[in-house]
1. Within the stretch 77-124, track down each residue that is at pLDDT below 95, more than 15 Å from the chain's Cα centre (by Cα) and within 18 Å of residue 142 (Cβ to Cβ).
2. Of the numbered conditions (1) under 16 Å from the mean Cα position of the chain (by Cα); (2) in a helix (DSSP H, G or I); (3) buried (at least 16 other Cβ atoms within 10 Å of the Cβ), residue 64 fails exactly one; give the number of that condition.
3. Being charged (D, E, K, R), under 24 Å from residue 153 (Cα atoms) and surrounded by 15 or more Cβ atoms within 10 Å (Cβ to Cβ): is that true of residue 81 here?
4. Scanning the stretch 6-16 for residues that are of a type outside the set (Val, Ile, Thr) and touching a helix residue (DSSP H, G or I) at 6+ places or on another chain (Cβ under 9 Å), which turns out nearest to residue 77 (Cα to Cα)?
5. Listed residues 195, 166; which is at pLDDT below 65 and in a helix (DSSP H, G or I)?
6. Please verify whether the stretch 4-26 includes one or more residues that are under 14 Å from the mean Cα position of the chain (by Cα) and over 21 Å from residue 159 (Cα atoms).
7. Show the residue pairs meeting these rules: Cβ distance below 7 Å; 6+ apart or different chains; first residue within the stretch 26-42 and on the phi < 0 side of the Ramachandran plot; second residue among the aromatic types (Phe, Trp, Tyr) and assigned to a helix (DSSP H, G or I).
8. Looking only at the stretch 47-60, count how many residues are over 20 Å from residue 154 (Cα atoms), part of a helix (DSSP H, G or I) and out of contact with any Leu (no Cβ under 8 Å at 6 or more places or on another chain).
Amino acid sequence: MPDLPPPLPPDQRTVGQLIAESIRAYGHRFWLALPLGLPLAIADQLNAGHAWADQPIVYWALTPLFVAAYLWGCRLVLASRPTWTAVALAVLVWMPFPALRAFFLLPGLAWLAFVGLSVPVAMVERTGFRESLVRGRRLAQADFVHAFGSLCALAIVAGIASQVLGALLRSQSDSGLRVALFVSDLVLSPLLYIGAALLYVDQSARVGSGGRAALHPPHDADPPGRADAQVEP
């Protein structure tokens, strides 16, 4: 069997390769990354049976969990500890998303693609609030089609895989619909955070990285020193 061709460098990586790298990174860090699935799993349980327009309330109530998941995903992939600036930016990035998602998912993903990279910028490049926002927007604009397309593809892959896994759990065991939904969300939604963190590497490479992102392979993201994730001022 012939060897597969080596993956393209981050500045040339396609949407498909970003998804493949996200899956590979998730596989290498499975148990550390698995808690990333808790926010969406809990939100879907609380929203079960509610109208689509009523669901943003739950997502806003769970803001601390979604923010923590994004920060932890960036921590695992980029080997950088969160800062208070990154926390504030993650809250700012997240707050409009539930309302946008209530109307249609694509505007929400476009918003995340446009401003979401400011969070890993603050973590990796240790920049201030405004500077991180400006830099994050620059990264998004470097190749917005790649950024937006990657988030859309990640959402599609995770969503379809979740439906398939949920159907298998319901057909192969006595698990109810809600249990199957919880397990599938828990296992598959971490891909969204890991892929979003890897997107920072791709976009940084496209404009010239001001930080250390390209130096840290996603499957070996433990920096020297203490292993616990800390928030630094």
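The values are calculated or read from the model by the stated rules, or taken from the named source; none is laboratory data. These numbers come from a predicted model, not from an experiment. Don't worry about glycine lacking a Cβ; one is built from the backbone with ideal geometry, like all the others, and counts go over all protein chains shown.
1. none
2. For residue 64, the failing item is (3).
3. Numbers: charged (D, E, K, R): yes; under 24 Å from residue 153 (Cα atoms): no; surrounded by 15 or more Cβ atoms within 10 Å (Cβ to Cβ): yes.
Here the answer is no, as residue 81 does not meet what is asked.
4. The first filter runs over the stretch 6-16 and keeps only residues of a type outside the set (Val, Ile, Thr), leaving 6-13, 16.
Narrowing the set further to residues that are touching a helix residue (DSSP H, G or I) at 6+ places or on another chain (Cβ under 9 Å) leaves 7-13, 16.
Values: 7: 17, 8: 18, 9: 16, 10: 14, 11: 17, 12: 19, 13: 16, 16: 18 Å.
Out of the qualifying residues, it is 10.
5. Values: 195 fails: at pLDDT below 65.
166 is the lone residue from the list that is at pLDDT below 65 and in a helix (DSSP H, G or I).
6. No, the stretch 4-26 has no match at all.
7. Note: pairs meeting the criteria are 33/26; 36/72; 36/193; 39/66; 41/182.
8. So in the stretch 47-60, the residues over 20 Å from residue 154 (Cα atoms) come out as 47-58, 60.
Narrowing the set further to residues that are part of a helix (DSSP H, G or I) leaves 47, 52-54, 56-58, 60.
Imposing the further condition that a residue be out of contact with any Leu (no Cβ under 8 Å at 6 or more places or on another chain) reduces the set to 47, 52-54, 56-57, 60.
Residues meeting the conditions: 7.
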